[in-house]
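**Student:** The following block contains the structure, expressed as structure tokens.
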Amino acid sequence: MRFLTCLTEEHDLALVGLAAWFCLVGSMITIRLLDRIRHAGPGSRIAWVFLGGAATGATIWCTHFIAMIAYQPGVEVAYEPRLTGLSLLVAIFGSAAALHLATRRWRGSAALGGALFGLAVSAMHYLGMQAFVAHGMVRWSQGYVAASVLFAVALGALAFDRAQGRGRFAGQWWATGLMVASIVLLHFTGMAAMVVTPFAPGIGQVGSSTATIVMAIAVAGVGTLVVGTGLATYILDAQARSDTRRRLRELLESNVDGMAIVQGGAITATNAAFAALVGDGAPIVGQPLSRWIADIATAARPDRLTQLTLTALDGSEIPVEVTMRIDPRSSCPQTIYSIRDLRARIAQERRIAHLARNDSLTGLPNRTSFLEWLSRQTGPDSPHRAVALLSIDLDRFKEINDIHGHAAGDRVLTRIGERMKAALLPGEFIARLGGDEFVAVMPVAEPDDALQLIDRLRDAIGAPVTLDASGIEVACGMSVGVALWPRDATELSALINNADLAMYRAKASIAVDACFYEEEMDKTVRIRRQMVQELRTAIDRGELAVHWQVQEAVGTRAITGYEALLRWTRADGSSVSPAHFIPLAEQSGLILPIGEWVLRTACAAAASWAEPYRIAVNLSPVQLGHVDLPRLVQQVLLDTGLSPARLELEITETAMITDPVRTIHILRQLKAIGVSVAMDDFGTGYSSLSTLRSFPFDKIKLDRSFMAELNGAPQSAAIIRAVLTLGESLHIPVLAEGVETPEQLAFLREQGCDEAQGYLLGRPGPLPVRVEDAPERLAG
Ligand code: C2E
Ligand code: CA
Ligand code: CA
């Protein structure tokens, strides 16, 4: 009751209202500053504590002072200035100390700080009351004094505690209310504790009441300035902090890597990439990062890349690379984690590693893997006593590729690759080296053990493959060569080489598709290789020569021309048949320079002859495919001065088979130059009528094998007759090769054959002569 009557009867309520408003605004700001101090970095903390102390001190002091001015005890009152000033200092520094204490990080520091605040308010109040000079006698009620201090301390403690507590009765508004209550209750309970008994008028002198109103407004004004400064600072700071936060947010979100900011053990912010990584929908903020990355605390180091595992919400484990940075500026340091998803990179690395070790078409191991495997199997630590190396080549694959296209070829390889892989037993290995070349490796006890794998491979390769688009079925054969380690070779390259040699033998054989390596093969190959080596320099060393064989009209025995035949005499004096070295020259590409040399030499020689005989020069299919032949021929004719009409080029059917369209195109160009074209070795190859029809050949050269068989095989005569009839109907003259006996020549004459060539008429020789010719008929 005393409290209420004191408030209503002894106070100017308008001023009390001003005091209450001031108290409310000040408290609100204090509570906000309290929060700000808690989050201030070590550098700015003292400034914030001072600012908070000033604002809080000003709040309680102004509230007190305005309320005091509102107090009208019915006597004149005045204030002693020094004590009044001192009470302001007590309010400011007491508040500062309270705020400092309340924002420490130990348990209960907030309540303790709040209690200190209550004490500061009390100290300020009663010190201020000491400055109160009333024109009367002042008595104090001890009970009220004690109660007022108790209120202030308890409510202050509660206010500061609730300011940072969580839950229903917590938060800034509760804290503000409690702080206001603390100040107001202290003040009015304290006022109720005081009873003023007026002296008789005239005793003592106090100020006028207008002066006290002015003073109240002045105090409120100054207080508002102080508190307003605190508020303005707080707002500017909050603005700056929210800008920083927004910028940080943008920075976080713009990062493609997962980002998480951790403060005090819990995540305070993350970005979308992090949420996607752990699986959307999981609550993240407030959780420890170790919930997803178990080893994060122990393994991650500042400014270093660490590879860890992140367990996503669905339990899947994601390899990640983590970098961390500790930001020490704030009082509670925050750690910024950057978390990179490594799945794509690891998958790519794996793919690259796979590509490096496997063939991209069939997925089988490639040459690199094969060499590694083989060297392990045949190395010093090999667990096997013997290992078989199988060199595998597909038959008819090139045809499939040519006829059905590359896609079909790829399909065949893929399918056969799959089947071969499926046919393997444990310990067996297969790889694709490129094209239609494969190899297999297997440990063997006996050489014949390899046959089992060969049987399985034969089934895998030989089974038909259906081509996707057309539904056409194609099938390959195989040629396999086997070399055994260590029997056939201990060294890797030699072993591979030997398996290849055996494979070539198998390819050449019609009877078998698999051959084991024998030493003999090595010798043949060595000799061939040596020969190619020597052939390379044969032109420069003058070991090549052109010989001439005469061609005659069967009826008149007149010379119709000479065929140029190449001769090679090696450095050691031995001569090699062109039937031997021409295929070698074709395989090695040497046929191109050699063929050009023959053409040039033959034309030059013929141009110098006294008689303008026609000459026939053999062309390899390789020359037709690889040189700009028409231009070369024209150039040679120009250089040597030989008339095009005197040159005849002999080609075999093989050239017509591989690329008929192109070949015919080239032959037309040749004919346009004015040279003639003969079909050589007719009757041995494919000899299809269409070959003859597709191009207007100037001559058909009937192969010499028909002459040789003329006496033995009666059908030879029939064939010769048929060819002669064919030539007649197509208006193409026929020349019979290999005429060795007068009987053969008589037969040809009987049958109406146009021309003949053979040992009977003349053997090939360095000069264009015929057998019965006298030396005076020599040319040149
Ligand atoms: P070819 O074009 O069929 O040449 C005829 C071959 O038959 C020559 O063998 C010749 O000596 C031989 N010959 C001639 N008359 C008779 C005979 O009455 N009885 C027998 N048994 N053989 C006879 P040569 O000179 O050994 O040539 C073999 C093959 O080498 C030639 O067959 C030709 O295909 C090729 N050749 C020769 N010189 C060249 C050349 O300069 N360029 C190309 N590309 N190939 C050539
Ligand atoms: Ca010929
Ligand atoms: Ca011939």
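What follows is calculated from the coordinates using simple rules that are stated; it is not laboratory data. Keep in mind the model is a prediction, meaning the values are calculated, not measured. Ideal geometry is used to build each Cβ from the backbone, glycine not excepted, and the neighbour counts take in all protein chains shown.
**Student:** To the nearest 20 Debye, how big is the dipole of the chain about its Cα centre, given +1 on the beta carbon of each Lys and Arg and -1 on that of each Asp and Glu?
**Tutor:** It works out to roughly 5000 debye.
**Student:** Considering the options 452, 767, 87, tell which one lies farthest towards the positive end of the dipole of the chain, charges being +1 on Lys and Arg and -1 on Asp and Glu at the Cβ, about the Cα centre.
**Tutor:** Final value for the positive-end residue is 87.
**Student:** Would you work out the Kirkwood radius for segment 3-57? I mean one over the mean of 1/r across all pairs of different Cα atoms, in Å. Show your work: numbers first, answer last.
**Tutor:** Working: mean 1/r = 0.0767 Å⁻¹.
Kirkwood hydrodynamic radius for segment 3-57: 13.0 Å.
**Student:** Going Cα to Cα from residue 701, which lysines come in below 28 Å? Please leave out same-chain ones fewer than 8 positions away.
**Tutor:** 671
**Student:** In what sequence, highest mean first, do 566-577, 598-609, 82-93, 658-669 appear when ranked by Cβ atoms within 10 angstrom?
**Tutor:** Numbers: 566-577: 13.2, 598-609: 20.2, 82-93: 18.4, 658-669: 15.1.
Taking the mean over residues of other Cβ atoms within 10 Å, the ranking is 598-609, 82-93, 658-669, 566-577.
**Student:** Stick to the Cα atoms of the chain, pair each with every other, and give me the Kirkwood hydrodynamic radius in Å at one decimal. Can you show the working numbers first?
**Tutor:** Values: mean 1/r = 0.0262 Å⁻¹.
That comes to 38.1 Å for the chain.
**Student:** Of all DSSP beta bridges in segment 529-779, what percent run antiparallel (nearest 5)? Please report the intermediate quantities before stating the final value.
**Tutor:** Details: 14 of 34 bridges.
Antiparallel bridges make up about 40 percent of those DSSP assigns within segment 529-779.
**Student:** Show that you can apply the helix-only estimate: for the chain, add -39,500 (n - 2.57) for every DSSP H stretch of four or more residues, divide by all residues, and state [θ] at 222 nm to the nearest 500.
**Tutor:** -17500 deg cm²/dmol, from helical runs alone.
**Student:** Against the longest alpha carbon principal axis of the chain, how many degrees, from 0 to 90 and to the nearest 10, is the axis of helix 142-164 turned?
**Tutor:** Tilt of helix 142-164: around 10 degrees.
**Student:** Would you please put 523-536, 23-36, 611-624 in order of how densely packed they are, using the mean number of other Cβ atoms within 10 angstrom per residue and starting with the highest?
**Tutor:** Values: 523-536: 13.9, 23-36: 23.3, 611-624: 20.1.
The most tightly packed comes first, giving 23-36, 611-624, 523-536.
**Student:** Report the local net charge at residue 483: Lys and Arg +1, Asp and Glu -1, summed over other residues whose C-beta lies under 12 Å from its C-beta. Please list the in-between numbers first.
**Tutor:** Numbers: positive: 487, 505; negative: 488, 491, 500, 518, 519, 522.
So the surrounding residues net to -4.
**Student:** On C-alpha positions alone, give me the angle between the axis of helix 591-608 and the longest principal axis of the chain, in degrees, nearest 10.
**Tutor:** 40
**Student:** For a quick check of your reading of the filter: which trypsin sites (Lys or Arg not before Pro) in segment 210-270 sit in a DSSP loop and have no more than 15 other Cβ atoms within 10 Å? Each step should come with its number before you reach the end.
**Tutor:** Details: sites: 241, 245, 246, 247, 249; in loops: none.
Answer in residue order: no site qualifies.
**Student:** Taking amide H atoms as placed 1.01 Å from N in the peptide plane, list the residues 5 or more away in sequence, or in a different chain, whose amide H sits under 5 Å from that of residue 269.
**Tutor:** So residue 269 has HN proximity to 261.
**Student:** Can you give the angle from 0 to 90° between the axis of helix 367-378 and the longest principal axis of the chain, with both taken from C-alpha atoms, to the nearest 10?
**Tutor:** 80
**Student:** Normalized C-alpha radius of gyration of segment 255-347, against 2.2 N^0.38 Å? Write out the running numbers ahead of the final one.
**Tutor:** Values: Rg = 12.4 Å, N = 93, 2.2 N^0.38 = 12.3 Å.
Compared with the compact-globule rule of thumb, segment 255-347 sits at 1.00.
**Student:** Shifting gears a bit: Show me the three semi-axes of the equivalent ellipsoid for segment 236-280, from the C-alpha gyration tensor (sqrt of 5 times each eigenvalue), largest first, rounded to whole Å.
**Tutor:** On the way: eigenvalues 97, 35, 9 Å².
Whole-Å semi-axes of the equivalent ellipsoid: 22, 13, 7.
**Student:** Please compute the Kirkwood hydrodynamic radius over segment 358-517, one decimal place, Å, based on all pairs of different Cα atoms. Walk me through the intermediate numbers first.
**Tutor:** Values: mean 1/r = 0.0634 Å⁻¹.
Value: 15.8 Å, from the Cα pair sum.
**Student:** Let me ask another. Distance from the Cα centre of segment 250-273 to that of segment 600-657, in angstrom?
**Tutor:** 82
**Student:** Let me ask you something else. Return the whole-Å distance between the Cα centroid of segment 476-502 and the Cα centroid of segment 709-759.
**Tutor:** Measuring centre to centre over Cα atoms gives 48 Å.
**Student:** May I pose another question? Give me the dipole magnitude in Debye, nearest 20, for segment 529-779 about the Cα centre, with unit charges on the beta carbon: positive for Lys and Arg, negative for Asp and Glu.
**Tutor:** On the way: 22 positive and 30 negative charges, 88 e Å.
About 420 debye.
**Student:** Please identify the chymotrypsin sites (Phe, Trp or Tyr not before Pro) of segment 668-719 that satisfy two criteria: DSSP loop assignment and at most 12 other Cβ atoms within 10 Å. Which are they? Can you show the working numbers first?
**Tutor:** Working: sites: 682, 686, 697, 706; in loops: 686, 697.
Answer in residue order: 686.
**Student:** Calculate the translational D of segment 529-779 in whole µm² s⁻¹ from Stokes-Einstein, where the hydrodynamic radius comes from the Kirkwood formula applied to all Cα pairs, the temperature is 25 °C and the viscosity 0.890 mPa s. If you can, show how the numbers build up before the last one.
**Tutor:** Working: Rh = 18.8 Å.
Approximately 131 µm²/s, per Stokes-Einstein.
**Student:** Would you mind classifying segment 542-684 by shape? Square roots of the alpha carbon gyration tensor eigenvalues, ordered a ≥ b ≥ c; an a/c under 1.5 is rounded, otherwise it is prolate if a/b is larger than b/c and oblate if not. Please report the intermediate quantities before stating the final value.
**Tutor:** On the way: a/c = 1.32, a/b = 1.02, b/c = 1.28.
Rounded shape, in that the Cα axes give a/c under 1.5.
**Student:** Let me ask another. Could you derive backbone 3J(HN,Hα) for segment 42-52 from the dihedral phi with the Karplus parameters 6.51, -1.76 and 1.60 (θ = phi - 60°), listing whole Hz in sequence and x where the residue is Gly or Pro?
**Tutor:** After applying 6.51 cos²θ - 1.76 cosθ + 1.60, I find x, x, 9, 4, 4, 5, 5, 4, 5, 4, x Hz.
**Student:** Let me ask another. Summing +1 for each Lys or Arg and -1 for each Asp or Glu, what net charge is found among the other residues whose Cβ lies under 12 Å from the Cβ of residue 496?
**Tutor:** Values: positive: 367; negative: 437, 488, 491, 500.
With Lys, Arg at +1 and Asp, Glu at -1, the neighbours total -3.
**Student:** Okay, next question. Using the alpha-carbon centroid of each, what span in Å lies between segment 346-425 and segment 155-190?
**Tutor:** 82
**Student:** Are there chymotrypsin sites (Phe, Trp or Tyr not before Pro) in segment 145-186 that DSSP marks as loop and that have at most 12 other Cβ atoms within 10 Å, and which are they? Walk me through the numbers before you get to the answer.
**Tutor:** Working: sites: 151, 160, 169, 173, 174; in loops: 169.
Answer by residue number: 169.
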